[in-house]
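J.: Before I ask anything, let me first share the structure, which is written out below as structure tokens.
The values are calculated or read from the model by the stated rules, or taken from the named source; none is laboratory data. Not measured: the values here are computed from a predicted model. Neighbour counts are summed over all protein chains in view; Cβ atoms, including those assigned to glycine, are modelled from backbone coordinates with ideal geometry.
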Amino acid sequence: MARVTLELDRQLHLMLVESAKANRVSLEEECCRRLGGRAWRSRYLQALVAELRADDEQRRASSG
């Protein structure tokens, strides 16, 4: 599994912590759930994932 490091502003971090508590999961599990496409409430996360996918596609195209 790839390791991903995210930089979050304080408000988004607090929102994720509260959501993790409400769903009775760890912060890591909550982030993975959201990044996995099962809960898209944050436009920032949508943009981040789209950017990561585009970067990955570009990297694959240039190396192959």
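J.: For the range 16-41: of the residues being at pLDDT 80 or above and assigned to a loop (DSSP other than H, G, I, E, B), which is surrounded by the fewest Cβ atoms within 10 Å (Cβ to Cβ)?
T.: The extreme case among them is ARG24.
J.: Something else about it: Name the pairs: first residue in the range 42-64 and touching a residue at least 12 places away in the same chain (Cβ under 8 Å) and assigned to a helix (DSSP H, G or I), second residue basic (Lys, Arg) and surrounded by 11 or more Cβ atoms within 10 Å (Cβ to Cβ), Cβ to Cβ under 8 Å, at least 6 apart or on different chains?
T.: none
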